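*Asks:* Can you keep this structure in mind? I'll have questions shortly.
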Amino acid sequence: MRAIRARLLHVESTGTLRWKYLEDGVIIVESGLIKEIVDAGQGQRDGLDLSQCEDRRDMLLIPGLIDTHVHSPQIDVIASYSGQLLDWLDKYTFPAESRYSDPFYAEQSAHDFLDGLIAAGTTTAMVYVTSHEAATDRFFAAAYQRQMRMIGGKVLMDRLAPANLCDDAKGGEEASARLIKDWHGKGRLGYAITPRFAVTSSPEQLASAGRLHKAYPDTWIQTHLSENHEEIRKVSELYPDITDYLSVYDRFGLLTERSVFGHCLHLSEAEISLLATKGGRVAFCPSSNLFLGSGLIDLKVLREAGAMVGIASDVGGGTSLSMFRTLGDAFKVCQLRGYSLSAMEAFAMATLGNAELLGLDSLIGNLAKGKEADLVLLKPKPESIMARRVGLARSIEEELFVYMTMADETLVAETIVNGVTVGRRND
Ligand SMILES: [Zn+2]
């Protein structure tokens, strides 16, 4: 059992945004689960021995952050100068992903990637590995070893990419099925069927992905949608008989409530309505959208249409694994669309909102009793400008806004996975 005394913050409900902040709280963790959170004074009156608590009163404790779209091998190409999406894929991403044909390289990289997530306070992510079955297997093994709640998938690509990254429809389907049997539901792991996007998958491959999801309906589906104008033009060329980009995925059974679509920047009204009706999820990747010059999402329009929108780093198109930094970019993108995203709304997206988007909100996303104890403790580096600025904050909302505007990984003082400390900053 662990009892940690800190300032506690979590979101209780996203529909009507409701959150709870305890200026002096205690969280009790037992067997990897949250037993309860209490106000320290009240706890003491009820017999809690505060001297037995780990004293983190100088820190803000929040639930582990969740990233709904990120590419593990792309830690090798983050921050690479380039033109827009298709150029970037050809010049950097595909050559880098080719190295993952070496399982030993893939294994080392998986650990480095997971270390990076932990340093950033991200305890759950939905991950594109590469098109290599062995590399994907190594990724799951590394996450399993760390008891992290991770979703991942082998990328399916059978055309318009370098030969050493391409599978074929049948081979990709069989490899995915083997990985699902080995890893989906094992420990805290889940599998996402992962056609990269309609450009690099033939109709046969998209059909095979749809078949896989039918055979294993509690898996997820992840892919890219409507990120870049040139990409959209290519899709209409490659699928000339299908009305629009989203309908391509729908045609092959890939538009479901378990589907997470990265980007969704340039959807038509008809596509937005189809997306909302069928319950497809949107991963908003602001850092990547700015970096690759892809465009500005219209969060308000998507939400008003009834689409569920989460937040994601999309490293390596995105430039940081830090979800706080990602939220800062989200704020800027929304500003350019005439919408000022509030700090609490942004925080809700990266925690309970993303858990709901993935259908994992009964397990993670906030500090409710019985949830898995994935926790993060925040404290700006002493003597830093951020520490000075936060010292002047008059409310928890103001403090959060400073974090999302100024933060990087150095904000995270400690990361706890399944009740166990797995990362601690050395000051
Ligand atoms: Zn992506």
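*Asks:* Which sequence of TYR81, TYR403, TYR144 reflects their accessible areas, 1.4 Å probe, from the largest down?
*Replies:* Result, largest first: TYR81, TYR144, TYR403.
*Asks:* Label points 7 Å out from Cα along the Cβ direction at TYR81 and ASP182: separation in nm?
*Replies:* For the pair TYR81/ASP182, the computed spacing is 4.0 nm.
*Asks:* Treating cross-link reach as a plain straight distance, find the aspartates and glutamates whose alpha-carbon is under 19 Å from the alpha-carbon of LYS381, omitting any fewer than eight places away in the same chain.
*Replies:* Correct list for LYS381: ASP55, ASP58, GLU398, GLU399, ASP408, GLU409, GLU414, ASP427.
*Asks:* Apply the Karplus parameterisation 6.51 cos²θ - 1.76 cosθ + 1.60, with θ equal to phi minus 60°, to every residue of the stretch 403-412 and state each ³J(HN,Hα) to the nearest whole Hz, in sequence, with x for glycine and proline.
*Replies:* 4, 6, 8, 10, 6, 9, 4, 5, 6, 7
*Asks:* Determine, at each q value in 0.14, 0.16, 0.17 (inverse angstroms), the log₁₀ of I(q)/I(0) that the Debye formula gives when each Cα of the stretch 219-334 is one equal point scatterer.
*Replies:* Debye intensities relative to I(0), on a log10 scale: -0.54, -0.71, -0.80.
*Asks:* Quick one: net charge of ARG149's neighbours, Cβ under 9 Å, K/R +1, D/E -1?
*Replies:* -1
*Asks:* Sequence gap at least 6, Cα distance under 8 Å: using those rules, report the relative contact order of the stretch 67-341 to the nearest whole percent.
*Replies:* This gives 19 percent for the stretch 67-341.
*Asks:* Using helices alone, what [θ] at 222 nm do you get for the chain, with -39,500 (n - 2.57) per DSSP H run of 4 or more residues, divided over all residues and rounded to the nearest 500?
*Replies:* That comes out to -10500 deg cm²/dmol.
*Asks:* If we count every other residue with Cβ under 10 angstrom of ARG188's Cβ, Lys/Arg +1 and Asp/Glu -1, where does the sum land?
*Replies:* Spelling it out: positives minus negatives among the neighbours equals +1.
*Asks:* Hey, can you find the accessible area per residue of the chain for me, probe 1.4 Å, expressed in square angstrom?
*Replies:* Per-residue accessible area for the chain comes out at 38 Å².
*Asks:* Need one number for the chain: average projected area of the convex hull over its C-alpha atoms, nm².
*Replies:* Approximately 19.5 nm², given one-decimal rounding.
*Asks:* ILE232: net charge of surrounding residues, Cβ under 13 Å, Lys/Arg +1, Asp/Glu -1, itself excluded?
*Replies:* Net local charge, ILE232 excluded: -4.
*Asks:* If you average the alpha carbon positions of the stretch 301-341 and of the stretch 208-250, how far apart do those two centres end up, in angstrom?
*Replies:* Each part's Cα centre sits 22 Å from the other's.
*Asks:* Taking the chain as a Gaussian network, where each spring joins two C-alpha atoms under 10 Å apart, which residue of LEU290, LEU206, LEU17 fluctuates the most?
*Replies:* Maximum among the listed residues: LEU17.
*Asks:* Related question: By how many degrees, between 0 and 90 and to the nearest 10, does the Cα long axis of helix 133-145 differ from the longest principal axis of the chain?
*Replies:* Roughly 10 degrees, rounded to the nearest 10.
*Asks:* Return one number: the angle in degrees, 0 to 90 and rounded to the nearest 10, between the long axis of the Cα atoms of helix 323-336 and the longest principal axis of the Cα atoms of the chain.
*Replies:* Long axis of 323-336 versus the principal axis of the chain: about 70 degrees.
*Asks:* Another question, then. Rounded to the nearest 10 degrees, what's the angle between the helix 203-215 long axis and the longest principal axis of the chain, both from Cα atoms, 0 to 90?
*Replies:* With both axes taken from Cα atoms, the answer is about 50 degrees.
*Asks:* A further question on this structure: Quick check on packing: order 337-346, 272-281, 65-74 by the mean number of other C-beta atoms within 10 Å, highest mean leading.
*Replies:* Ranking, from highest mean packing down: 65-74, 272-281, 337-346.
*Asks:* Please arrange PHE291, PHE324 by accessible surface area, largest first, computed with a 1.4 Å probe and ligands excluded.
*Replies:* Greatest to least solvent exposure: PHE291, PHE324.
*Asks:* Under 5 Å between amide H atoms, partner at least 5 residues away or on a different chain: which partners does ALA125 have, H built in plane at 1.01 Å?
*Replies:* Hits under the 5 Å cutoff: ASP67, ILE151.
*Asks:* Assign unit charges at the C-beta atoms only (+1 for Lys and Arg, -1 for Asp and Glu), then state the dipole size of the chain relative to its Cα centre in Debye, rounded to the nearest 20.
*Replies:* Computed about the Cα centre, the dipole is about 600 debye.
*Asks:* Under 1.5 on a/c is rounded, so check that first for the stretch 268-374, then, if it is not, pick prolate when a/b is larger than b/c and oblate when it is not; a ≥ b ≥ c are the square roots of the alpha carbon gyration tensor eigenvalues.
*Replies:* Since a/c reaches 1.5 but b/c is at least a/b, the shape of the stretch 268-374 is classed as oblate.
*Asks:* Additional query: Take a quick pass over the stretch 151-279 and tell me how many lysine pairs come in under 18 angstrom between Cα atoms, counting only ones 8 or more apart or on separate chains.
*Replies:* Count of close lysine pairs: 8.
*Asks:* Another one. Under 10 Å, Cα contacts only: if you run a Gaussian network model on the chain, which one of ALA393, ALA106, ALA368 comes out with the highest mean-square fluctuation?
*Replies:* For the chain, modelled as a Gaussian network with Cα springs under 10 Å, the answer is ALA393.
The values are calculated or read from the model by the stated rules, or taken from the named source; none is laboratory data. These figures come from a predicted structure and were not determined experimentally. When we count neighbours, we look across all protein chains shown, and the Cβ atoms used for this are built from the backbone with ideal geometry, even at glycine. Only protein heavy atoms, including side chains, enter the accessible area calculation; ligands, DNA and RNA are left aside. Shrake-Rupley method; radii C 1.70, N 1.55, O 1.52, S 1.80 Å.
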